[in-house]
1. Please verify whether residue 256 is assigned by TED's automatic domain parsing to the domain that holds residue 158, modelled with pLDDT of 75 or more and among the polar types (S, T, N, Q), treating the condition exactly as stated.
2. Are any residues in segment 96-126 within 30 Å of residue 56 (Cα to Cα) and surrounded by fewer than 19 Cβ atoms within 10 Å (Cβ to Cβ), and if so, which ones?
3. If you scan segment 223-250, which residues turn out to be more than 19 Å from residue 102 (Cβ to Cβ) and surrounded by 18 or more Cβ atoms within 10 Å (Cβ to Cβ)?
4. Pairs under 6 Å by beta carbon, first residue in contact (Cβ under 8 Å) with a residue 24 or more places away in the chain in segment 182-193, partner surrounded by 13 or more Cβ atoms within 10 Å (Cβ to Cβ) and assigned to a helix (DSSP H, G or I), six or more apart or different chains?
5. Closer than 18 Å to residue 292 by Cβ and of a type outside the set (A, V, I, L, M, F, W, C), is that true of residue 242?
6. So, residue 195, is that one assigned to a helix (DSSP H, G or I) and either touching a Cys at 6+ places or on another chain (Cβ under 9 Å) or surrounded by 14 or more Cβ atoms within 10 Å (Cβ to Cβ) (or both) or not?
7. Checking the condition farther than 29 Å from residue 51 by Cβ and without any contact (Cβ under 8 Å) to a residue 40 or more places away in the chain, which residue from 289, 267 passes?
8. Mind counting the residues in segment 41-90 that are modelled with pLDDT under 95 and among the aromatic types (Phe, Trp, Tyr)?
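The values are calculated or read from the model by the stated rules, or taken from the named source; none is laboratory data. Every value quoted in this text rests on a predicted model; they were computed, and no experiment measured them. Quick reminder, even Gly has a Cβ in these numbers, built from the backbone with ideal geometry, and neighbours come from all protein chains shown.
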Amino acid sequence: MLKHPDEETVAADVQMALEPFFDLARRAYFHWLTHGKDYWLSQSLMDYRVLSLSMALDIQACRLFRSLVDACKRADSLTANILARSLFETSLAMQFLLRPRIPLFPKVEVDKHGKAARDSDGRKKYVVTTKRSEAVSGCPRREIRAAMYCFRVYFDNERKAVDLKRLANEQRNANKIKPSRKRIKLARKFEHLANAFTERGVPNDFPPLHKMMKRRWYAIQKHGKSYSGLNVKELCFALGDPFTTWYMTIYHIQSNMVHATEGLSHLDLSGDDAIPRHFSTAVEVSRSLYFSTASFLACLKILQKEIGFGCLNEMAVAGLYSEWKGLFKQLPDAPSSDDD
């Protein structure tokens with residue numbers, strides 16, 4: 001681990017100032033990590049593909065949460081917020097897979113002339129809408145959503161492999177005109193990467209799912225750009241609060257850091273000279289940790305609600321969530337009760 005010369009001192013001060021926040025994050029993480037899940041999964045009547053994908057996303061959520069808490073301990077809210085955005089989108093994917101019903105409907109895509117758009121095979125193209133009045137069929141059940149998620153992964157890898165093979169062919173054709181060892185090396189590198197994406201397919205038991213998917217949903221995944229057919233904003237609005245409010249507020253702050261538009265925040269401009277800031281303040285760390293814990297608890301809540309991991313886990317998650325709400329008043333910059 002690379003450490004800044006002043007890291008130990010600054011990190012110790014931040015951890016001491018925010019001890020209740022770190023304590024809640026630690027207890028939430030270790031409760032879920034050590035809670036027995038195999039028995040409850042074996043008793044579930046939910047489709048095993050939905051369960052498998054949900055628990056895979058659960059592992060992703062745990063890894064992200066562990067890493068961002070470590071970043072907060074190092075007084076690095078920048079890294080924590082980048083990871084927190086990924087954690088939030090992981091919670092969205094869990095909601096997409098596990099909710100009994102989400103208002104997602106296929107509708108015919110219309111071209112600029114107002115006619116039904118068609119693909120290269122002459123078939124109608126479809127997009128996703130959240131309006132029932134525009135739909136040509138009902139919303140997909142969980143099993144179909146699991147298939148949509150997997151085929152999105154498959155089609156993304158397929159697109160990348162095709163693009164890389166095209167680049168490899170361009171280098172080989174150029175080499176025929178003007179031979180160059182560099183072009184041959186590039187072509188081999190592109191082919192190697194293309195093969196790597198080709199191997200990253202979906203599990204063997206998932207391809208048959210396209211037979212149970214209506215052609216509309218299959219076409220949406222093949223030509224669309226996300227597993228839900230919607231962008232993040234549209235999916236948040238389809239899921240409703242608290243995801244809508246989160247997207248309109250916190251998500252944008254996290255996105256600024258992901259897209260490197262927070263450069264000036266790393267400078268202290270309070271004086272005449274710009275002084276570099278290698279660490280985040282306790283206020284910045286508290287915000288990152290507090291709202292990241294909310295995303296992690298949202299993952300635990302949907303898993304408990306839709307799959308069920310016993311009444312003890314239900315009470316534990318409810319208790320952790322209650323503690324999280326109570327910590328709001330302890331945020332260093334929280335509004336006081338006297339504020340209007």
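1. Numbers: assigned by TED's automatic domain parsing to the domain that holds residue 158: no; modelled with pLDDT of 75 or more: yes; among the polar types (S, T, N, Q): yes.
No, not satisfied.
2. Keep residues of segment 96-126 that are within 30 Å of residue 56 (Cα to Cα), which gives 96-106, 126.
99, 100, 101, 103 - these are the residues of segment 96-126 that are within 30 Å of residue 56 (Cα to Cα) and surrounded by fewer than 19 Cβ atoms within 10 Å (Cβ to Cβ).
3. Scanning segment 223-250 gives a single hit, 250.
4. Listed pairs, sorted by first residue: 190/164; 190/167; 190/168; 191/168; 193/164.
5. Details: closer than 18 Å to residue 292 by Cβ: yes; of a type outside the set (A, V, I, L, M, F, W, C): yes.
When the stated conditions are applied, residue 242 passes them.
6. On the way: assigned to a helix (DSSP H, G or I): yes; either touching a Cys at 6+ places or on another chain (Cβ under 9 Å) or surrounded by 14 or more Cβ atoms within 10 Å (Cβ to Cβ) (or both): no.
It is false that residue 195 is assigned to a helix (DSSP H, G or I) and either touching a Cys at 6+ places or on another chain (Cβ under 9 Å) or surrounded by 14 or more Cβ atoms within 10 Å (Cβ to Cβ) (or both).
7. Numbers: 289 fails: without any contact (Cβ under 8 Å) to a residue 40 or more places away in the chain.
Going through 289, 267 in turn, the sole match is 267.
8. 1
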